[in-house]
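Beneath this line is the structure, given in structure tokens, with notes to follow.
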Amino acid sequence: MLAGIHATWEFDTDSVLIRFERGIRTPKLFQSLRERRVPHAALSSVTLTPGKRGTVVLRAVPRRGADPLVEAAAGQLKDGCDPYRLVLPAERETLAEYYADELRARLGPEASEPADRFLVAAPEAPMQFKAYDGRAGFDGDRVSFRWFWTGASTAKWKAGDQTFPVTELSGVEWRSPEGFEGYLRLVPRGLESAVPGPDPAPGGGAGPDAEPGTGLGAGHPVQCPQPVAPRPTRADQDPAAVVFGLGYGPVHESLPFAAAVLESVRRHHSSAAAPAAVLAGAGRRDPADIAERIRHLGELHRAGLVTDDEFSAKKAQLLAEL
């Protein structure tokens, strides 16, 4: 066990359990997360660097695609709110180096590769938070937006309160409330490439910034192979978005919310694709193939992405193919 400032790391044979402290000086995001179990398979590297004012910083670097919270944050978290950083007094540097070496030794050959699924559990639903123009809620299967008459735009009032099943979504965009024009925006399926950017610059040029989590320049033209209803350029005009403001949609409320929705979207999409994968391999009845799929199913179960009942039923189905 390694106790640092705001958190304690407990080292197990296959994971690190991070327990965050509660206190007036502990970042609210840490208090909201409470604790997180990070499998070694979710890490790409481990670093130990000098910190500020007589401290050292132990950081476990997650693999791309392994943690829904990190994916939703899209690089917008400040160092002080990074759940993978443990700040320690400088006199514990030798002990921190020991644990850093132990962690590095447990990283597998896949550490440098992006993860093909989430390996760290997302914050649990149900949850809700208060945005500037409405209240956002998530029950695990549906996202709901209920507009406030004091903040919602006319466009949102005309559209009415909104409910979005996660099966009809392809992703989530989160822009930190600590930046300019923060928001949480849902991406409906079929509109992945219809990503709006800011108003064109004078003379028809596009702005240089990129929308978080989209991989497209903010001035990227909204063009799709198939005609679709265009998404409003501004989040305050989009019924699939809520906007933040001073005291509205704080990081410790809106980011875990975005991570939970993103994990649910990915999980439902993976579940929908699973039957096709089983059918494709059913004709081979290769014991090695069945064993590999059971091993993969076990990893999903240990990561909390498959329930006990789902694990038992799918394992029985795979064994029946032998």
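Tabulated results
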item	result
Among residues of segment 127-140, those that are assigned to a strand (DSSP E or B) and charged (D, E, K, R), counted	2
Helices (runs of 4 or more DSSP H) wholly inside segment 19-124 that include at least 3 residues being under 19 Å from W9 (Cα atoms)	28-33, 93-105
Odd one out for P89, checked against (1) in the same structural domain as T26 (by TED's automatic domain parsing); (2) buried (at least 17 other Cβ atoms within 10 Å of the Cβ); (3) in contact with a Ser or Thr (Cβ under 7 Å, 6 or more places away or on another chain)	(2)
From the options G134, G151, G54, G65, residue that is closer than 30 Å to G249 by Cβ and at pLDDT below 95	G151
Every residue from segment 297-311 that is at pLDDT 65 or above and surrounded by 13 or more Cβ atoms within 10 Å (Cβ to Cβ)	L297, G298, E299, L300, H301, R302, A303, G304, E310, F311
Residue that is modelled with the lowest pLDDT [pool: residues in segment 1-17 that are assigned to a strand (DSSP E or B), surrounded by 18 or more Cβ atoms within 10 Å (Cβ to Cβ) and in contact with a Leu (Cβ under 8 Å, 6 or more places away or on another chain)]	L2
Given (1) part of a helix (DSSP H, G or I); (2) modelled with pLDDT under 75; (3) surrounded by 14 or more Cβ atoms within 10 Å (Cβ to Cβ), number of the condition A288 does not satisfy	(3)
V143 being in a strand (DSSP E or B), under 21 Å from the mean Cα position of the chain (by Cα) and modelled with pLDDT of 95 or more	yes
Hits in segment 237-272 (condition: in the same structural domain as K156 (by TED's automatic domain parsing) and modelled with pLDDT under 95)	G245, L246, G247
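For (1) exposed (fewer than 15 other Cβ atoms within 10 Å of the Cβ); (2) within 20 Å of Q76 (Cβ to Cβ); (3) in contact with a Lys or Arg (Cβ under 6 Å, 6 or more places away or on another chain); (4) in contact (Cβ under 8 Å) with a residue 40 or more places away in the chain, each residue gets a yes or a no:
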site: V120; (1), (2), (3), (4): no, yes, no, yes
site: F129; (1), (2), (3), (4): no, yes, no, yes
site: D139; (1), (2), (3), (4): yes, no, no, no
site: S153; (1), (2), (3), (4): no, no, no, yes
site: P165; (1), (2), (3), (4): yes, no, yes, no
site: R175; (1), (2), (3), (4): no, yes, no, yes
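The values are calculated or read from the model by the stated rules, or taken from the named source; none is laboratory data. Predicted model only: the values in this text are computed from it and were never measured. Ideal geometry is used to build each Cβ from the backbone, glycine not excepted, and the neighbour counts take in all protein chains shown.
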